[in-house]
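Read through the structure below, which is laid out as structure tokens, and then see the notes.
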Amino acid sequence: MNTPICDFVKKYNDSNFHRLHMPGHKGAPLLGFEQYDITEIKGADALYEANGIIKESEDNASSLFGCPTFYSTEGSSQCIRAMLYIAKLLGRNKILAGRNAHKAFITAAALLDLEVEWIFSNASYLSCEISKEGLEQEIIKHRPGAVYITSPDYLGGTSDINAISEICKKHKVLLLVDCAHGAYFKFLPESLFPVDLGADMCCASAHKTLPCLTGGAYLHIKDEALASYAKMALALFGSTSPSFLILQSLDKVNEYLSLGFKDKLSALILKAERMKKVLRSKGYTLYEAEPLKITLCTKAYGYTGIEFAEILRSKSIECEFADPDFTVLMIGITSNLDYLEKALLSITPLAPITVFPPKIEKPQRALSIRQAIMSKNKKAVINEAQGNALASLSLSCPPAVPILVCGEVISENAVKCFEYYGIEEIEIVSE
Ligand SMILES: Cc1ncc(COP(=O)(O)O)c(C=O)c1O
């Protein structure tokens with residue numbers, strides 16, 4: 001597969017042109033990577049009006065993923081806003097969403113003034129189990145224009161998108177999937193790529209699980225009719241200075257994916273499965289996660305997730321995410337699984353910790369998400385905030401998944417949950 005963006009920038013850099021344009025470094029290697037950082041000069045195409053090398057590269061990505069695919073240099077966050085904007089353009093203003101939605105969904109709902117109904121589940125706030133029957137009941141009750149789910153979620157849990165899309169189709173509801181953590185799903189021995197399983201649109205962060213620079217992501221769309229809105233939607237939320245370094249990495253990832261990635265991924269998964277088996281046999285409890293995540297339920301092993309992450313740090317291993325209950329590790333083709341296995345097996349199990357998170361109760365809503373985010377607010381310590389409406393998202397990043405959503409009333413249960421997850425101060429609506 002060719003790499004038109006990389007080729008153009010390399011040729012431009014090799015030409016020693018005087019760069020009388022942005023960026024300010026002019027390609028001079030003061031930091032070390034400037035020479036390949038250009039802007040939308042003649043021949044370099046323009047991300048949101050692509051008809052040259054960027055279009056060619058996006059076409060390469062589209063052929064790899066088997067559906068119209070568009071680049072984002074501002075992560076899945078930008079794609080989530082774009083998907084929801086497209087849904088709104090099509091008159092789908094009410095969205096039925098899994099409660100474990102990422103912050104980008106909430107801020108998009110505020111910006112676009114969407115009406116959101118939540119699907120709650122008994123799982124951790126990071127997961128949302130959605131059954132076919134449960135979803136159908138919710139659709140009949142709320143009559144949404146679109147269903148929005150997060151799969152995989154931060155712990156690695158996945159939804160049955162085949163079953164969900166069947167219900168969505170039956171009720172003529174769009175299905176939008178936040179697949180930020182699953183950019184590699186298309187290349188599994190059996191594809192779990194949401195568009196292959198019936199989703200209308202999905203985002204995927206190439207930078208999370210593929211060798212791409214941070215910020216590189218895809219907006220995947222089922223068909224050309226919906227895809228005709230993609231550039232306009234992405235442009236609405238994107239910077240007018242998209243990063244050419246990120247574009248080059250997306251361009252190069254196409255080549256990488258076309259050079260035996262599927263086989264390399266299969267081999268990695270086999271190795272990871274074997275390792276997960278060994279860990280289980282040695283007393284570890286693992287969360288049922290997608291292949292490239294190892295999610296340790298550390299309390300069963302005698303540690304909080306945060307303590308466990310600290311031990312791993314002392315062994316030169318940095319995890320993706322840790323909270324009181326879980327330590328999440330994300331592996332890739334270049335990960336040294338032998339080292340990881342050895343390190344994990346060298347940690348002595350202790351008596352299990354039997355303190356569990358408070359069950360998050362369904363909150364009362366005082367204001368819409370938009371009203372809450374746009375309202376005057378003030379800071380409040382958590383144990384004095386009860387009874388007020390939450391104004392802005394109070395969360396840690398990662399995982400950037402809210403315990404309580406803006407506009408909801410802070411109940412005694414919400415206070416307990418915030419305290420459990422170490423959030424001490426929040427913003428409440430002040431008038
Ligand atoms: C589930 C989920 N969705 C969306 C995003 C946003 O992705 P990005 O960082 O690529 O904008 C994240 C980021 O961590 C995420 O975890």
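The values are calculated or read from the model by the stated rules, or taken from the named source; none is laboratory data. Note that the structure is predicted; figures quoted are calculated from it, not measured. All Cβ positions, glycine included, derive from the backbone under ideal geometry; neighbour counts span all protein chains shown.
Reported count of residues in region 124-144, each being under 19 Å from the mean Cα position of the chain (by Cα) and at positive phi, is 0.
Among residues of region 325-341 that are surrounded by fewer than 16 Cβ atoms within 10 Å (Cβ to Cβ), those with a Cβ under 7 angstrom from a residue that is part of a loop (DSSP other than H, G, I, E, B), sequence gap 6+ or separate chain, pair up as Gly332/Leu292; Leu337/Ile331. Here Cys397 meets each of (1) under 30 Å from Thr209 (Cα atoms); (2) loosely packed, with under 13 Cβ neighbours inside 10 Å; (3) modelled with pLDDT of 90 or more with one exception, condition (3).
If you check Pro23 against the conditions, is it away from the ligand (no atom under 16 Å from the Cβ) and modelled with pLDDT under 95? Criteria met by Pro23.
Mind checking which residues of region 214-259 are in a strand (DSSP E or B) and closer than 20 Å to Tyr36 by Cα?
Going through region 214-259, the residues in a strand (DSSP E or B) turn out to be 217-221.
Ala217, the sole residue that qualifies.
Checking each residue in region 98-118 for being away from the ligand (no atom under 12 Å from the Cβ) and assigned to a strand (DSSP E or B) picks out Glu115, Val116, Glu117, Trp118. Which one of Ser77, Ser121 is within 16 Å of the ligand (Cβ to nearest atom), hydroxyl-bearing (Ser, Thr, Tyr) and within 18 Å of the chain's Cα centre (by Cα)? When all the criteria are applied, what remains is Ser77.
Given the criterion in contact (Cβ under 8 Å) with a residue 40 or more places away in the chain and either surrounded by 14 or more Cβ atoms within 10 Å (Cβ to Cβ) or in the same structural domain as Ser127 (by TED's automatic domain parsing) (or both), identify the matching residue among Ile306, Ile269, Ile311, Ile317. Step through it out loud before you land on a result.
Numbers: Ile306 fails: in contact (Cβ under 8 Å) with a residue 40 or more places away in the chain; Ile311 fails: in contact (Cβ under 8 Å) with a residue 40 or more places away in the chain; Ile317 fails: in contact (Cβ under 8 Å) with a residue 40 or more places away in the chain.
Ile269 is the lone residue from the list that is in contact (Cβ under 8 Å) with a residue 40 or more places away in the chain and either surrounded by 14 or more Cβ atoms within 10 Å (Cβ to Cβ) or in the same structural domain as Ser127 (by TED's automatic domain parsing) (or both).
Name the pairs: first residue in region 396-408 and assigned by TED's automatic domain parsing to the domain that holds Ile373 and at negative phi, second residue β-branched (Val, Ile, Thr) and assigned to a loop (DSSP other than H, G, I, E, B), Cβ to Cβ under 9 Å, at least 6 apart or on different chains? Going by the 9 Å Cβ cut-off, the qualifying pairs are Ser396/Ile423; Ile403/Ile360; Ile403/Ile423; Leu404/Ile360; Leu404/Ile410.
Only a single criterion out of (1) over 20 Å from the mean Cα position of the chain (by Cα); (2) within 18 Å of Pro23 (Cβ to Cβ) is not satisfied by Ala225, namely (2).
Considering region 119-134 alone, what residues qualify as being of a type in the set (A, V, I, L, M) and either assigned to a loop (DSSP other than H, G, I, E, B) or not assigned by TED's automatic domain parsing to the domain that holds Leu96 (or both)? Outline the logic, then answer.
The first filter runs over region 119-134 and keeps only residues of a type in the set (A, V, I, L, M), leaving 119, 123, 126, 130.
Hits for region 119-134 are Ala123, Leu126, Ile130.
Is it the case, given these coordinates, that Ile403 is surrounded by 15 or more Cβ atoms within 10 Å (Cβ to Cβ), more than 16 Å from the ligand (Cβ to nearest atom) and not polar (S, T, N, Q)? When the stated conditions are applied, Ile403 does not pass them.
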